[in-house]
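Engineer: One structure follows; several queries about it will come next.
The values are calculated or read from the model by the stated rules, or taken from the named source; none is laboratory data. Since this is a predicted model, take the numbers as computed values, not measurements. Backbone-built Cβ (ideal geometry, glycine too); neighbour counts: all protein chains shown. Areas reflect the complete protein model, heavy atoms only, side chains present, ligands, DNA and RNA absent. Shrake-Rupley method; radii C 1.70, N 1.55, O 1.52, S 1.80 Å.
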Amino acid sequence: QHYEDGRSIPREILVEAVGEDRETLELWLREQRGAAVTLLCPQRGEKAALVGICRKNAQDALAKRQTDERVRHAQTVLAMEELQAALHLPTLPERIEGYDISNTQGVLSVASMVVFHGGMPAKKQYRHFRIKTVEGANDFASMAEVIGRRFTHGLQEKHDREQAGLPIEEGRFSLFPDVILIDGGPQQLAFAHRAMQDAGVDLPMFGLAKRFEEIYLPGVELPIVLDKRSNALHLVQRVRDEAHRFGITQHRALRGKAGLASELSSVPGVGEKRKVALLRAFRSLPAIFAATVDELAAVPGLNRAAAEAVHAHAVQRAQGADAAPPQSPAAEP
């Protein structure tokens, strides 16, 4: 099996044991190599020591694989079973959706939705939402908006796919979770749970409060406190942390785009369409300002006058940076 994929075959192969098919194997290896090949089963000396090293490496690799499999089993199957028991879920939580809200003082609020399937991240199914109806830093209302949009859209998509005879599991939102994790305590959970029910969906949902890692269920005052070493707690922490990471990543990307748009807004002749065209062509603000007039003019939608305006702004910006006095270390943020 090792040599049948065409890899280089040596003249001499050391093996721990060889059976009655030794001659057949040697003949096949010779045909593959196009030259003589000998199978040796050394009993003593340096070659036997090499086989011994191989045996030890194989034993170590097997032990590591078995340990990895036990850890993976604990992190997935056992964790889901423990979570099902702790939350009294009707089914094993094969699909878990986790939600988090990210913003900077209420600006550019974005929600993240992550999916764990079988206890492992299903990154292709991650989604993010721009908050549309909430102004300011109101995470409760933002979470309610996102949950409502997710399940309203999911119900419609599910209906449409069923009518069209399309697989539900291949839709963007039509496949519903076995349980929903909300990053937050009882108030955050209450807003999310009400929004889900208002959308016409009733699924198991819980909140994970950061301070003491307590689990809250809708309408239940006392939290569930899992053992700090439990597989179930580790699983929901991974979901929560992944939702937070995914949300922060998207929020930073939005801030970067907002900064680019703000910087280019002061350039005469550069509107929204030209901002988008510049970003697509150069990918970043420094790259745009490092471009020549000819390179800028080559961007679809930019004429020569707009390209010269962008270049002039870049030159003025660079001169302003060069003229700025250096800050002392104490003045650095």
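Engineer: Hey, how many Å between the Cα centroid of the range 1-58 and the Cα centroid of the range 166-243?
Structural biologist: Measuring centre to centre over Cα atoms gives 56 Å.
Engineer: Could you point to the residue in Met205, Gln163, Phe151 farthest towards the positive end of the chain's charge dipole, with +1 and -1 charges on the Cβ of Lys/Arg and Asp/Glu respectively?
Structural biologist: Positive-end residue among those listed: Phe151.
Engineer: Quick one: pull the percent of accessible area on the chain belonging to carbon and sulfur, 1.4 Å probe, ligands and nucleic acids left out.
Structural biologist: Numbers: 10550 of 19950 Å².
Percent of accessible area from carbon and sulfur atoms in the chain: 53.
Engineer: Still on this model: How much mean residue ellipticity at 222 nm does the chain get from its helices, if each DSSP H run of length 4 or more adds -39500 (n - 2.57) and you divide by all residues, to the nearest 500 deg cm²/dmol? Don't skip to the answer; put the middle values down first.
Structural biologist: Numbers: 10 runs with 165 residues, N = 333.
It comes out at -16500 deg cm²/dmol, rounded to the nearest 500.
Engineer: First select every other residue whose beta carbon is under 9 angstrom from the beta carbon of Ala144; then total the charges, Lys and Arg +1, Asp and Glu -1. Write down the numbers at each step before the final one.
Structural biologist: Values: positive: Arg194; negative: Glu145, Asp198.
Residues close to Ala144 contribute a combined charge of -1.
Engineer: Another question about this same structure. Using modelled backbone amide H atoms (1.01 Å from N, in-plane), which distant-in-sequence or interchain residues come within less than 5 Å of Asp100's amide H?
Structural biologist: Amide H neighbours of Asp100, under 5 Å, 5+ apart: Ser112.
Engineer: Averaged per residue, what accessible area in Å² does the range 1-159 show with a 1.4 Å probe, protein chains only?
Structural biologist: Numbers: 9850 Å² over 159 residues.
Normalised by residue count, the accessible surface of the range 1-159 is 62 Å².
Engineer: Report Rg(Cα)/(2.2 N^0.38 Å) for the range 93-155, keeping two decimals.
Structural biologist: Details: Rg = 12.5 Å, N = 63, 2.2 N^0.38 = 10.6 Å.
Computed over Cα atoms of the range 93-155, the ratio equals 1.17.
Engineer: Straight-line reach from Lys228: which lysines have Cα under 18 Å away, leaving out those fewer than 8 places along the same chain?
Structural biologist: Qualifying lysines at Cα under 18 Å: Lys210.
Engineer: Shifting gears a bit: Pull up all non-local amide H partners of Phe176: gap of 5 or more, or a different chain, and H-to-H distance under 5 Å with H placed in the peptide plane.
Structural biologist: Those lying under 5 Å, H to H, from Phe176: there are none.
Engineer: Where the eigenvalues come from the Cα gyration tensor of the chain, what are the semi-axes √(5λ) of the equivalent ellipsoid, largest first, in whole Å?
Structural biologist: On the way: eigenvalues 519, 292, 100 Å².
The answer is 51, 38, 22 Å, longest axis first.
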